[in-house]
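Asks: Can you read through this structure? Questions will come right after.
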Amino acid sequence: MVDFAALRDDFPILHKPVHGKRLAYLDSAASSQKPQMVLDALQEAYGTHYANVHRGLHYLSEAATDAYEAVRQKVASLINAPSPSEVIFTSGATMSLNLIAHSWGGANLQEGDEILITIAEHHANIVPWQMVAQQKGAKLIAAPMAEDGSFDKAAFAACITERTKVISLPHVSNVLGTVYPLTEIAALARQAGALFVVDGCQGVVHMPVDVQEIDCDFYVFSGHKLYGPSGIGVCWGKADILADMPPFLGGGDMIDDVEIERSTYAPPPARFEAGTPPIAECIGLGAAIDYVQQIGMAAIRDHEMSLLRYGTQRLSEVDGITFIGTAAGKSGVISFTLDEVHPHDISTLIDHDGVAIRAGHHCAQPLMKSLGLSSTARASVGIYSCEEDFDALTEALHKVNRIFKS
Ligand code: PLP
């Protein structure tokens, strides 16, 4: 049995009072806090085995390379990838999605082809596809979500045509919390002969992921949401697909042979990792993966699900609250509005009570527009979140109501 209440002690920042109050950090969907183990790994990477990777023949370079490369295996084990050589390190999910859109899309999309997403995407899963669609004369199509924010399989399937070449979806919506039925969608993608890309930013942090069981072609995520450092992310892709993709960025480390007229490229993953990578950050991500795997992703999922139920029940006590996204089995986030109070005002006011939430469009403007909203408030959980955080949020929202109604 994991003592989740004790995990808070692993995160030094959570013990720093904010405006003199205990911090209730409910903004993990934007970026999570870091356990001491990750802070130590960063310190150790820079303090004991730092040098550039892959290039040096001296002790420190080899030690840094070994530590960096070892993280590929940790990522592969976290998502049950068949091989660590399918794991590409990027600067984050945004970079990973750009890599896929520009490299795979640039090489394979043709005029009239269709890329299918849903209306609930983060901008990182819209704009790169839009850019490549504009270059190629392809079309970006967004399927609607059901009214309660759940995935509408019939409406989605109706958007698939013989021109559908890519299906790119989140594992979990960062606004609605909806968990997409990935294995069912993978079957639709297979039938259509479309590439299936999963934006796993809000998935891998909350639940076990098995890319072989999902049967997707790509799964991407950001280290900073998984208790690791910022500046490091993952693009996992199937070996045969990666092998046929052209490089996205050119430079050192990604080549086989360079002449002034032309170059030949290294096989993946090096082909997609041009230049000096975020070395210490990658090692920090490895420590973050060790940390969550020690706890166990299934235990993390169960803990967070019961916390979300508690949070939803507590927040239901607040006058004028409307939940945005109420799909069964939702994960990670609770988005809401509060009568006429602007979400920015909510966030600013409750900050004085030490409660950190997000307010805005959450990089999902098409979703907001489809809901007739400009923004929502969003509370999101991490492994260190606890009932006390939702008690603090609930009390702070009662206070907001008192201010606005007086
Ligand atoms: N996709 C989803 C679902 C997200 O929630 C986010 C970040 O909030 C991203 C993509 C982009 O992640 P990053 O900014 O780390 O690249």
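The values are calculated or read from the model by the stated rules, or taken from the named source; none is laboratory data. Computed from a predicted structure; not experimentally measured. Glycine gets a Cβ as well: all are built from the backbone with ideal geometry, and neighbour counts include every protein chain shown.
Asks: Can you tell me how many residues within the range 92-133 are of a type outside the set (A, V, I, L, M, F, W, C) and either within 16 Å of the ligand (Cβ to nearest atom) or at pLDDT below 95 (or both)? Explain how you work it out, then say what you get.
Replies: Of all residues in the range 92-133, those of a type outside the set (A, V, I, L, M, F, W, C) come to 92, 94, 96, 98, 102-103, 105-106, 108, 110-114, 118, 121-123, 125, 128, 130.
Now restrict to residues that are either within 16 Å of the ligand (Cβ to nearest atom) or at pLDDT below 95 (or both): 92, 94, 96, 98, 102, 118, 121-123, 125, 128, 130.
The qualifying residues number 12.
Asks: Which of the following residues is within 11 Å of the ligand (Cβ to nearest atom) and either closer than 19 Å to Met368 by Cα or not polar (S, T, N, Q) (or both): Gly149, Gly137, Gly223? Step through it out loud before you land on a result.
Replies: Details: Gly149 fails: within 11 Å of the ligand (Cβ to nearest atom); Gly137 fails: within 11 Å of the ligand (Cβ to nearest atom).
On inspection, the qualifying residue turns out to be Gly223.
Asks: So is Ser168 crowded, with 20+ Cβ neighbours inside 10 Å, assigned to a strand (DSSP E or B) and polar (S, T, N, Q) or not?
Replies: Working: crowded, with 20+ Cβ neighbours inside 10 Å: yes; assigned to a strand (DSSP E or B): yes; polar (S, T, N, Q): yes.
Yes: the conditions hold for Ser168.
Asks: So which helices (runs of 4 or more DSSP H) stay within the range 281-381 end to end and still have 3 or more residues that are over 22 Å from Lys225 (Cα atoms), among the aliphatic types (A, V, I, L, M) and assigned by TED's automatic domain parsing to the domain that holds Tyr25?
Replies: On the way: elements: 297-315, 343-351, 365-371.
Answer list for the range 281-381: 343-351.
Asks: Still on this model: If you take the residues of the range 339-363 that are in contact with a helix residue (DSSP H, G or I) (Cβ under 6 Å, 6 or more places away or on another chain) and more than 16 Å from the ligand (Cβ to nearest atom), which of them is nearest to Ala24 (Cα to Cα)?
Replies: Kept after step one, since they are in contact with a helix residue (DSSP H, G or I) (Cβ under 6 Å, 6 or more places away or on another chain), are these residues of the range 339-363: 341, 346, 349-350, 353, 355, 357, 359, 361, 363.
In the following step, the residues that additionally are more than 16 Å from the ligand (Cβ to nearest atom) were identified as 341, 346, 349-350, 353, 355.
On the way: Val341: 21, Ile346: 15, Leu349: 14, Ile350: 10, Asp353: 9, Val355: 5 Å.
The residue in question is Val355.
Asks: Name, by its number, the condition in (1) more than 20 Å from Leu78 (Cβ to Cβ); (2) in a loop (DSSP other than H, G, I, E, B); (3) of a type outside the set (Ser, Thr, Tyr); (4) free of Cβ contacts under 8 Å to residues at least 40 places away in the same chain that does not hold for Phe248.
Replies: Against the list (1) more than 20 Å from Leu78 (Cβ to Cβ); (2) in a loop (DSSP other than H, G, I, E, B); (3) of a type outside the set (Ser, Thr, Tyr); (4) free of Cβ contacts under 8 Å to residues at least 40 places away in the same chain, Phe248 comes up short only on (4).
Asks: For the range 175-184, which positions are within 17 Å of Arg301 (Cβ to Cβ) and assigned to a loop (DSSP other than H, G, I, E, B)?
Replies: Across the range 175-184, the qualifying residues are Gly177, Thr178, Tyr180, Pro181.
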